[in-house]
Ligand code: HEM
């Protein structure tokens, strides 16, 4: 069980330093919040206060980039640090869900959904995961060159659709992609701008957002309608939500509440894992010797469809995924709001401050990692991991609000990567992996690679 270092008297601690960058640079750091965390740490230290706009209109942010600071922000089990920061408030535009609910409403929802995502239970989805990867890669040798980003999105949409929604989504990746991106980008844009138009004002951006949201809502409504028409359908997340009651009323959740919850699982449940797989494949496409170690490891298991029992034999594959998540953490930063005065890594943070834990900055801090820019999966070997601070590596966050889908994502990425690399040799074409930040961090456009059948 995680414990926090809440102190009795925050007033006796000093305030963190203010970031002394010109306003435009501060704004750029907020928009490019992955590398922005590094810039702020280098300019002002591991806990730093930053202001983007006039007091009253724009809340003050504290950027936290030390393991102790991350622990102080994330490990708490009460509502004194909550998901009430500007991003969560803006993200409620597409409804309430387990990701953006504040503590009191969140707890029963998380308890209701958790049993579906335990390590033991996600093992029941392994068949969907391995099969989806086989289907995707079966078409690759015919193409010779593929866009890893698009292929991995197809794969992960197919997996989430079949595993928890009970519908087929993989063939809709291209059609849904721009809508998903727009739905994710809209609240992020509003959260990172110094001045916002009132939420109800019908701006062109809001109109485009609503149009895309309608497309996404229709997808999850289709899953709910299919389940209602045939309740024996294999759609575990839909079933669980239909069977859940609202603790406030004791009544079943409304269809609208179910729809809003399903949306976050559609968004968070495929985009992040697709980015991880894309980055891992791109990195292997530049490191032939590491790719061959993965290929050799999986070849030992024969040509049959991989299962959850194979995972203990895929240690190198898992290390590659850990390293991909270190260098390219899809949740490049995570946020909270200080609801009371608190202490973070020795500094007093006043109530009302937005807290931003710079995951990307922690993962690339030269004071914490040897040669941090290097792709080196062996750093996650048991010997080299010994003694590492748990709070310097946070791809799935930390504390009670860490990712509910961590076991799901790790199993999917492991079986997916092993299945793909067993079938084809991958050569990456571009030297750079461009990044976009619609909400999570994703590949910014196609990631082309040459593929050759191994057999
Ligand atoms: C590589 C893949 C993934 C990464 C890196 C990732 C990362 C994260 C992180 C860092 C958080 C915590 C955010 C915070 O503290 O504010 C989170 C929360 C969450 N993730 Fe994931 N995630 C991944 C895959 C998934 C999958 C596959 C699902 C669903 C099937 C999922 C569903 C969620 C949900 C619902 C939350 C909110 C949990 C809560 O607040 O109780 N994620 N994720």
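Compute the Rg to Rh ratio over the range 216-305 from the alpha carbon atoms, using the Kirkwood formula for Rh, and round to two decimal places.
Values: Rg = 19.9 Å, Rh = 16.4 Å.
Rounded to two decimals, Rg over Rh is 1.21.
The stretch between residue 390 and residue 92, if pulled fully straight at 0.36 nm per residue, gains 104.2 nm over its current Cα-Cα span. Across the chain, Cα pairs under 8 Å and at least six residues apart give a relative contact order of 27 percent.
How much of the DSSP bridge set in the chain is antiparallel, in percent, rounded to the nearest 5? Before the final figure, lay out the partial values.
Numbers: 24 of 29 bridges.
For the chain, the DSSP antiparallel bridge percentage is about 85.
Restricting to Cα atoms and excluding each atom paired with itself, what does the Kirkwood estimate give for the range 319-385 in Å? Before the final figure, lay out each step's value.
On the way: mean 1/r = 0.0728 Å⁻¹.
Computed over Cα pairs of the range 319-385, the Kirkwood hydrodynamic radius comes out at 13.7 Å.
Three principal axis extents of the range 194-347 based on alpha-carbon atoms, in descending order, are 54, 53, 37 Å. Neighbour counting of Cβ atoms within 10 Å sorts the residues 328, 403, fewest neighbours leading, into 403, 328.
Order these by the 10 Å Cβ neighbour count, fewest first: 313, 452, 270. Spell out each step's value before the answer.
Working: 313 14, 452 11, 270 28.
Neighbour counts put them in this order, fewest first: 452, 313, 270.
Full extension of the chain segment joining residue 168 with residue 199 gains 7.7 nm, where the gain is 0.36 nm per residue of separation less the Cα-Cα distance.
What is the ratio of the Cα radius of gyration of the range 1-141 to 2.2 N^0.38 Å, with N the residue count, to two decimals? It would help to have the intermediate numbers written out before the result.
Values: Rg = 20.3 Å, N = 141, 2.2 N^0.38 = 14.4 Å.
Working it through for the range 1-141, the quotient is 1.41.
In the P(r) worked out for the chain, what percent of Cα pairs fall beyond 44 Å? When every Cα pair of the chain is considered, 10 percent fall beyond 44 Å.
Express the relative contact order of the range 194-347 as a whole percentage, based on alpha carbon pairs under 8 Å and six or more residues apart in sequence.
On the way: 63 pairs, mean separation 26.7, N = 154.
Computed value for the range 194-347: 17 percent relative contact order.
Quick check: from the Cα gyration tensor, does the range 31-98 come out rounded (a/c under 1.5), prolate or oblate? Oblate shape, in that a/c is at least 1.5 and b/c is the bigger or equal ratio.
Computed on the range 258-410, with alpha-carbon pairs under 8 angstrom and 6+ residues apart, the relative contact order is 22 percent.
Which of 80, 232 comes first, and how do the rest follow, when ranked by fewest Cβ neighbours within 10 Å? Before the final figure, lay out each step's value.
Working: 80 17, 232 7.
In increasing order of surrounding Cβ atoms, one gets 232, 80.
With Rg and the Kirkwood Rh both taken from Cα atoms, where does Rg over Rh land for the range 105-149? Show your work: numbers first, answer last.
On the way: Rg = 17.0 Å, Rh = 13.4 Å.
With Rh from the inverse mean 1/r over Cα pairs, Rg/Rh is 1.27.
Quick note: the coordinates plus some simple rules give every number you see, no bench work behind them. None of these values were measured; they are calculated from a predicted model. No Cβ is skipped: glycine too gets one built from the backbone with ideal geometry, and neighbour counts run over all protein chains shown.
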